[in-house]
Amino acid sequence: MSDNEPQTDGSGPGIVAPDDEVPSWRERKERTTGLSRLTYEYFERARREDQDLRQESSYVERDVLGFPAWPHETIRNLSLASFFTGMILFLSSMLPPHLGDPANPAQTPEVILPDWYLYWSFGLLKLGPLNPELSILGGNKLLSDPLYGVLANVVVVGAIAIVPFLNKGSARRPVEQPFWAAIGVGGVVFAFTISALAVKNLVPIEPNLLFDLTFLLPFVAAAISYAVLKTMREGYMYDLNRRYYRLRPPR
Amino acid sequence: MSLERKDEYDHGAWLEEKDLSAVETTYLKSLMWLDKRFRIVDYLELMEDMYYKVNLQMPKSHTEQYNLDNKFWYWYPLYALGSFSVIAYIVAALTGALLGFYYAPSTAGQGDPQAYAQLVAIIKDLNFGFMLRSIHRWSAQVMTAAVFLHMLRVYFTGAYKEPREVNWIIGIILLSLTMVFGYTGYLLPWNQLAFWAGQIGVEMALAVPIVGEWGAQLLFGGFSLGQPTLQRMYILHVFVLPFVVTALIAIHIAIVWMQGIAEPH
């Protein structure tokens, strides 16, 4: 492999000097004269001394595969982040939150809802119809419906947590792994449908149909995205393989 | 032959062979004297490093660097979601501290509960109060949204893979804690929505066998909602969670720093 070819092992900062003619910082310092030149020479010696001491010690430097967070990502992110902070201020001035009636334990409101980001969890509490009635127990349920709902939450979070232990390897793009991308799309769609189930008295769909759709739509979406990605992959991977796996062979 | 080990870094001898003027010798000797005591070289290196970074040209993008298709630029805004949730978190912390000056976690009071009355006072009487609450609430909403989207970005770009499992798990814990943050904050105004959302929480806790009742008493201060619930939610929201979440965010970001950001290849 020639020196000009791009490195994919994370080595090198990815910064190219403007031109071969432009002197490096070392060269500039070597060209100086007088006291600055002496400073440079002395510090070079001192640095070498430090380096030798480090090499004698048991200190080990490891190469980590990745892209530096500082300064590359940080600079990029700061501009985006100030834009987003402005967006928060804009939103809060345009859409101030509503403060409802004070708490009244005597009066149950028609609609009880948590904040939107907990709809999925609230929806999982309404899985009672899926709780199996065991004939061994004389048609009784092994778990009460609320416990079943709480356990559904635990199962969902646990399933997300073990993903990195199931899916390994160096593939990064969704097209490279249609199966896992399809799982992800199904999960996202399920998060939305289960949220819709949580607010079913606000959704203008017949409750039984909504319940069925809640579990059907994720599979449909997953199947479609699997088919699409699998099809894309045929044309896509050829080009990608040629350019990329040549540089970074799969383990 | 001397028994003494020969000093490879005999700066004195080096100085001798240089044949320098008096000014140069004095300068260099005092530099060595100071460096021997204060290790100026370390700090100089730091400053040099900063100097280079200030004069850095913008790095090549990943796609340029690796000569990939140049159609992946649209991924990059998604890479800001993590830092964006941190910034929303900071905004929420600042406004939250200011709101805390005016809020009281109390259900006492003849008509409206005191917590609710304080919120009305913040909104109606306090200068900039409505905006303050508005910013706090919106930054919380935006932080939650950003954290969810951040998780999706990490999933779909496979960034959770092999060396980064620990950060994925910490991320899930952080996502859950963000939702707990939101939930405890949702309860603080002690309005109808807050009260009945709290009721769901107690029912969820009570549904769990063995530890459920204990958990309900610990987190909600009993099986029905009241002053203890509000106070516990307040302490969770302003004391426990900020420390835990801030520490976890620091670890999360430190690990990203150490491992680098996983780019889609």
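Values in this text are rule-based calculations from the coordinates and carry no lab data. Everything quoted here is computed from the prediction, not taken from an experiment. Ideal geometry is used to build each Cβ from the backbone, glycine not excepted, and the neighbour counts take in all protein chains shown.
Listed values, structure above:
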read-out: P(r) of the range B:68-259 over all Cα-Cα pairs, binned every 5 Å from zero, in whole percent; value: 1, 7, 14, 17, 16, 14, 12, 9, 5, 3, 1, 1, 0, 0
read-out: Loop-exposed trypsin sites (Lys or Arg not before Pro) per DSSP, neighbour cap 10 Cβ within 10 angstrom, longest uninterrupted part of chain B; value: B:72-265
read-out: Formal net charge of residues neighbouring B:GLY96 (Cβ-Cβ distance under 13 Å; K, R +1; D, E -1); value: +2
read-out: In degrees, nearest ten, helix B:22-38 long axis to first principal axis of chain B (Cα); value: 40
read-out: Sites matching chymotrypsin sites (Phe, Trp or Tyr not before Pro) across the range B:116-178 that sit in DSSP coil, with at most 14 neighbouring C-beta atoms within 10 Å; value: B:PHE128
read-out: Of the trypsin sites (Lys or Arg not before Pro) in the range A:77-181, those whose Cβ has at most 14 other Cβ within 10 Å and which sit in DSSP loop; value: A:LYS168
read-out: Inter-label distance, nm, simple model (7 Å from Cα along the C-beta direction), B:ALA250/A:ILE162; value: 3.4
read-out: GNM result for chain B, Cα springs below 10 Å: residue of B:PRO189, B:PRO209, B:PRO105 fluctuating most strongly; value: B:PRO209
read-out: Folded to 0 to 90 degrees: helix B:40-54 orientation relative to chain B principal axis, Cα; value: 70
read-out: Neighbour-count ranking [beta-carbon atoms within 10 angstrom, fewest first] of A:ASP52, A:ASP19; value: A:ASP19, A:ASP52
read-out: Computed label-point distance, nm, for sites B:TYR76 and B:ALA97 using a 7 Å Cα→Cβ extension; value: 3.4
read-out: Most mobile of B:ASN191, B:ASN167, B:ASN127 in a GNM of chain B (Cα contacts under 10 Å); value: B:ASN127
read-out: Charge dipole of the range B:68-259 about the Cα centre (unit charges at C-beta), most positive-ward option of B:ALA117, B:THR107, B:ALA80; value: B:ALA80
read-out: Euclidean distance of C-alpha centroids, the range A:170-210 and the range B:159-220, integer Å; value: 22
read-out: Counted charge near A:PRO96, where neighbours are those whose Cβ lies closer than 15 Å (Asp, Glu -1; Lys, Arg +1); value: +3
read-out: Crossing angle, helix B:114-124 versus chain B [Cα axis fit, 0-90 degrees, rounded to tens]; value: 70
read-out: Förster radius 56 Å - calculated FRET efficiency between B:LEU219 and A:GLU206, Cβ distance, rounded to 0.05; value: 0.90
read-out: Mean separation of Cα contacts under 8 Å (6+ apart) over length of chain B, as relative contact order %; value: 17
